[in-house]
Amino acid sequence: MATGYRRRFDPERFFIVGFEQHGCGRSRPLAIENLSTLPTNTTQTLITDMEVPRTHLNIDRWLLNGVSWGTTLALAYAQQHPQRVSGIVCFAIATTSPEYVRWITETVGLLFSREWA
């Protein structure tokens, strides 16, 4: 988990469980290393992945913190497991519509061409 995410919550008050989405960030293998695994990297798979640390750590209910596409995942998880969620904190909310994905992965480069390069 990036240190920026940890700063949002006081570790003296909260037990913080951070994880990367399957195949992203520091999760291995990266999705781009084996593109044949992408069809199995579904929202349902990621929700199942989220249950692994929750169950392992014996957490009855937790506060979800989603960023970008993680906001969509947090909402999907909460819909499937409402009894396991005490609340949701969302930053940089992503709708994951085709238009949004095109904007964030391609069009935004028009505004920040140097950074995009």
(Q) For the pair GLU12/ASN41, report the inter-label distance in nm, with labels modelled 7 Å from Cα in the Cβ direction. (A) 3.9 nm
**Q.** Relative exposure of TYR77, TYR100, judged by other C-beta atoms within 10 Å (fewest first)
**A.** TYR100, TYR77
Q: Run the quick spin-label model on ILE104 and ARG54: label points 7 Å from Cα toward the beta carbon, then report their separation in nm to one decimal.
A: 2.1 nm
Q) Can you list residues whose amide H is under 5 Å from LEU64's amide H, if they're 5+ apart or on another chain and H is modeled 1.01 Å from N? A) SER86, GLY87, ILE88, VAL89
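Only the coordinates and a few stated rules stand behind these numbers; no lab work does. Remember, it's a predicted structure, so these values are computed and weren't measured experimentally. Heads up, the Cβs are rebuilt from the backbone with ideal geometry, glycines too, and the neighbour counts pull from every protein chain shown.
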